[in-house]
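**Student:** Here it is, the structure, as structure tokens.
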């Protein structure tokens with residue numbers, strides 16, 4: 001083989017290695033580069049949108065990353081894992097309830113999810129928390145009651161807990177048959193080998209900063225988790241900015257208008273690509289209801305959009321194996337449609 005051939009092969013190998021390790025950052029850079037050539041204004045808008053979104057979610061992300069790193073450094077993760085060794089249905093109920101009232105956003109909860117799964121917490125309880133968390137939090141409850149009404153806020157809270165319970169039970173039944181034993185991707189926590197098996201608890205060292213090894217573990221966990229989230233959320237927010245720019249709210253309004261069963265089904269499906277952040281979606285849903293849309297369709301849109309928003313879904317995809325991601329999306333859509341129907345029946349009763 002000639003020297004030129006060796007150099008070419010080495011170059012391609014290097015490029016493949018670069019793409020494999022940095023493909024998410026490269027995809028974000030490529031999007032901005034293409035926009036810069038064909039639509040410089042949108043390139044600037046998308047960059048600013050992504051930056052603002054990252055800044056706005058930073059408090060939740062920093063808190064959740066810190067908790068995950070602290071749990072690993074102190075050994076408290078073993079205590080948490082042990083706490084989830086009780087009755088499965090009780091753990092599912094606690095996970096759904098905690099998710100329904102937690103203050104974490106759909107992206108900020110991802111480090112906690114990864115930590116819980118790596119600790120050995122059963123996927124059923126984690127899924128209950130995972131599904132319920134993006135839908136409702138205390139500030140969202142107050143804002144929903146103000147923009148829409150108290151009845152809608154209560155219904156959305158019950159939908160969050162109900163979806164968590166539903167998803168947790170489904171996963172529990174599947175797990176009993178031996179499915180979903182390794183939910184995390186390789187290289188994520190203990191993904192691929194023992195990631196869903198309860199560990200033997202070890203003593204907790206609360207003053208972890210006194211031990212160099214534990215300090216190093218805290219720093220490494222925080223750093224790697226931050227990089228993981230930063231690259232995926234940057235790409236997700238760039239895509240979100242483009243969808244907001246290229247899919248006008250009027251298009252969403254036209255698709256979701258009307259009453260009956262079909263608008264609820266449409267609202268569930270449209271909620272996935274529309275993916276408006278929960279706060280921004282409230283005025284849109286309020287306007288649609290004022291124009292005659294069924295309240296059940298509005299709730300289905302909020303639930304589906306909250307759980308399957310682009311940033312949250314991409315984070316789930318990066319974290320979990322494809323079958324877990326598919327289950328997450330399937331449970332989200334099924335649950336959103338069911339809660340929309342139930343709320344519509346309640347309103348009409």
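The values are calculated or read from the model by the stated rules, or taken from the named source; none is laboratory data. Computed from a predicted model, the values in this text were never measured in an experiment. Neighbour counts are summed over all protein chains in view; Cβ atoms, including those assigned to glycine, are modelled from backbone coordinates with ideal geometry.
**Student:** Just to verify a result, which residue in the range 337-349, among those that are more than 15 Å from residue 293 (Cβ to Cβ) and in contact with a helix residue (DSSP H, G or I) (Cβ under 7 Å, 6 or more places away or on another chain), is surrounded by the fewest Cβ atoms within 10 Å (Cβ to Cβ)?
**Tutor:** Applying the first criterion (more than 15 Å from residue 293 (Cβ to Cβ)) to the range 337-349 yields 337-339, 342, 345-346, 349.
With in contact with a helix residue (DSSP H, G or I) (Cβ under 7 Å, 6 or more places away or on another chain) added as a condition, the list becomes 337, 339.
Details: 337: 21, 339: 27.
Looking at residues that are more than 15 Å from residue 293 (Cβ to Cβ) and in contact with a helix residue (DSSP H, G or I) (Cβ under 7 Å, 6 or more places away or on another chain), I get 337.
**Student:** Restricting attention to the range 81-95, and to residues there that are at pLDDT below 65 and not in a loop (DSSP other than H, G, I, E, B), which single residue is nearest to residue 126 (Cα to Cα)? Working first, answer last.
**Tutor:** Let us first name the residues in the range 81-95 that are at pLDDT below 65, namely 81-85.
If we keep only those that are not in a loop (DSSP other than H, G, I, E, B) as well, we get 81-83.
Working: 81: 11, 82: 14, 83: 13 Å.
Only one residue fits best here, namely 81.
**Student:** Any residue at all in the range 235-247 that is at pLDDT 80 or above, more than 28 Å from the chain's Cα centre (by Cα), farther than 18 Å from residue 318 by Cβ and surrounded by 14 or more Cβ atoms within 10 Å (Cβ to Cβ)?
**Tutor:** No, the range 235-247 contains no residue that is at pLDDT 80 or above, more than 28 Å from the chain's Cα centre (by Cα), farther than 18 Å from residue 318 by Cβ and surrounded by 14 or more Cβ atoms within 10 Å (Cβ to Cβ).
**Student:** Taking the condition assigned to a helix (DSSP H, G or I), at pLDDT 75 or above and farther than 19 Å from residue 27 by Cα, does residue 270 pass? Walk me through it before giving the result.
**Tutor:** On the way: assigned to a helix (DSSP H, G or I): yes; at pLDDT 75 or above: yes; farther than 19 Å from residue 27 by Cα: yes.
Criteria met by residue 270.
**Student:** Can you name the number of the only condition in (1) within 30 Å of residue 290 (Cβ to Cβ); (2) modelled with pLDDT of 80 or more; (3) part of a helix (DSSP H, G or I) that residue 143 fails?
**Tutor:** (2)
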